[in-house]
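Shown next, in structure tokens, is the structure this report addresses.
The values are calculated or read from the model by the stated rules, or taken from the named source; none is laboratory data. Remember, predicted model here, so these are calculated numbers, not experimental data. Virtual Cβ from ideal backbone geometry, glycine too; neighbours counted across all protein chains shown.
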Amino acid sequence: MRGLSVRVGGPRALRAMNDRAALYALAEHGPLSRVELEHAIGLSKPAAAELLRRLEQAQLVRQDGHKESSGPGPNARLWTVNELAGHAVGIDVISSSVDVAVADLSGRVIAERKVLSRGSGPDPVVPLRRAVVDAAKVRGLTLDDIDRAVVGISGSIDPVTGFLGYADHMPRWHGFNVPHRLADALGMPVTVENDVNLVATDELLHGRARGYTDVLLLWMSSGVAAAVVVDGRLHRGWRGAAGEIDFAPLDFNGRRVTELIDNHGVLELAADHGVRAGRAGTLVRRAVAAVAGESERGGDPEGFLAELAARVAQAVVIPVSLLDPQLVLLGGEIGVAGGDRLADRVADRLHRLIAHRPEVRPATGRDHAVRHGAVEAAVRQLQEAVFG
């Protein structure tokens, strides 16, 4: 991995700042001509020309064709980040599989690999390392060619001990410092992040949270968790467990959040209203269609959605009161399947309970959202290291 040497000082510090601004502009908006780069970061023609010469010599940028001229004179050269100057990997770990994507310095995903980890032995790191090695091999790379990794996993990592908590369903990952162990196995810096936080990262960059600074994402699937974004940044809490709300009691009978709005709780609620289907997400989607008049009614889909919305509103009312978010996103298979109809009912119920008026919307529900968020976080770390 190549990078810039930055020292505090007058002209040298200014050059480093300009180099960094140019690299980020090229990474986000490139390829750009020299004139376009001048306008993007506010440099003079001689300064931009010298900057590009310097970055090309450092092998951080490269020429990428020409831009057709609209008038007389030669076509302008186009410049882009040298994507081979570094690589990063994003990894999504669940109890049964490991899903890997390798990206270059520009953020483009260049290789993917998914391996089953169930039945692979007592050490969960072995299939993870194998998946990364196999993905890198697709593009003729080795672990030595990858500079950063971000791993998404259910539960939370204690920032002091590195131990995984709130993840009883991941027993093989307990009892050791997860980030340190993975860094040793992969030979690179590794960040281990909560999977729902990475979904929030993906939503902030490419989904329905784009343009928002304060967001609460509620994830409802086989488990329940939340991600908290404050001032555009993930809030992890003192011990990394912010958002682990699944074990919190939701009513005076002691029933927990996860019992009422995870897949199993939603299936039970639907059965009480005579609404039946296979999976929880399918069931919610069919109930929404029935209420909209797009399919035959079975049981009481309206009553089911109303009660589900009440439960969801009750689950987020205290976090919303404390955090005052602009946006509440309903994610996981249940939140996405509910679409705007469930979100509108949750908003109505929530607005009856408290004075806050956040928007409530379904999450995007992009496939491989955890892995996408992990790749985006890993590339961001890589660019910070390389660009200075």
Here the residues within region 122-164 that are among the hydroxyl-bearing types (Ser, Thr, Tyr) and either in contact with a strand residue (DSSP E or B) (Cβ under 6 Å, 6 or more places away or on another chain) or not assigned by TED's automatic domain parsing to the domain that holds residue 178 (or both) are 156
Can you tell me which condition residue 174 does not meet? The list is (1) out of contact with any strand residue (DSSP E or B) (no Cβ under 7 Å at 6 or more places or on another chain); (2) free of Cβ contacts under 8 Å to residues at least 12 places away in the same chain, and all the others hold. (1)
Of the residues that sit in region 300-320 and are touching a Leu at 6+ places or on another chain (Cβ under 7 Å) and more than 23 Å from residue 275 (Cα to Cα), which one is surrounded by the most Cβ atoms within 10 Å (Cβ to Cβ)? 316
Would you mind telling me which numbered condition in (1) within 19 Å of residue 17 (Cα to Cα); (2) in contact (Cβ under 8 Å) with a residue 24 or more places away in the chain; (3) acidic (Asp, Glu) residue 123 fails? (1)
Can you name the number of the only condition in (1) surrounded by 19 or more Cβ atoms within 10 Å (Cβ to Cβ); (2) among the hydroxyl-bearing types (Ser, Thr, Tyr); (3) at pLDDT 95 or above that residue 117 fails? (3)
Do we find a residue being part of a helix (DSSP H, G or I), polar (S, T, N, Q), over 17 Å from the mean Cα position of the chain (by Cα) and on the phi < 0 side of the Ramachandran plot anywhere in region 257-272? yes
Please go through region 231-289 and give me each residue that is small (Gly, Ala, Ser) and in contact with a Phe, Trp or Tyr (Cβ under 8 Å, 6 or more places away or on another chain), ordered by number. 241, 270, 287
Can you name every residue in region 341-388 that is within 23 Å of residue 322 (Cβ to Cβ) and in a loop (DSSP other than H, G, I, E, B)? 354, 355, 356, 357, 358, 363
Which one is farthest from the chain's Cα centre (by Cα) among residues in region 283-299 that are more than 18 Å from residue 261 (Cα to Cα) and surrounded by 16 or more Cβ atoms within 10 Å (Cβ to Cβ)? 299
Assuming residue 97 fulfils every condition listed in (1) free of Cβ contacts under 8 Å to residues at least 60 places away in the same chain; (2) surrounded by 18 or more Cβ atoms within 10 Å (Cβ to Cβ); (3) of a type outside the set (D, E, K, R) apart from one, which condition is it? (2)
Answer yes if at least one residue in region 203-210 is at pLDDT 95 or above, of a type in the set (Asp, Glu), outside the structural domain of residue 97 (by TED's automatic domain parsing) and buried (at least 24 other Cβ atoms within 10 Å of the Cβ), and no otherwise. yes
Go through the residues of region 190-203 one by one and say whether even a single one is over 14 Å from the mean Cα position of the chain (by Cα), of a type in the set (S, T, N, Q) and not in a strand (DSSP E or B). no
So, residue 256, is that one among the basic types (Lys, Arg), at pLDDT below 95 and within 16 Å of residue 315 (Cβ to Cβ) or not? yes
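Could you please let me know if residue 84 is of a type in the set (A, V, I, L, M), exposed (fewer than 15 other Cβ atoms within 10 Å of the Cβ) and under 23 Å from residue 31 (Cα atoms)?
Here the answer is yes, as residue 84 does meet what is asked.
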Can you go through 327, 323, 353 and tell me which one is in contact (Cβ under 8 Å) with a residue 40 or more places away in the chain, in contact with a Phe, Trp or Tyr (Cβ under 9 Å, 6 or more places away or on another chain), over 30 Å from residue 105 (Cα atoms) and surrounded by fewer than 22 Cβ atoms within 10 Å (Cβ to Cβ)? 327
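This table checks each residue for (1) small (Gly, Ala, Ser); (2) modelled with pLDDT under 95; (3) farther than 28 Å from residue 267 by Cβ; (4) not assigned by TED's automatic domain parsing to the domain that holds residue 262.
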position: 303; (1), (2), (3), (4): yes, no, no, no
position: 316; (1), (2), (3), (4): no, no, no, no
position: 335; (1), (2), (3), (4): yes, no, no, no
position: 345; (1), (2), (3), (4): no, no, no, no
position: 349; (1), (2), (3), (4): no, no, no, no
position: 356; (1), (2), (3), (4): no, yes, yes, no
position: 382; (1), (2), (3), (4): no, no, yes, yes
Region 211-246, residues that are among the β-branched types (Val, Ile, Thr), assigned to a strand (DSSP E or B) and surrounded by fewer than 18 Cβ atoms within 10 Å (Cβ to Cβ): 230
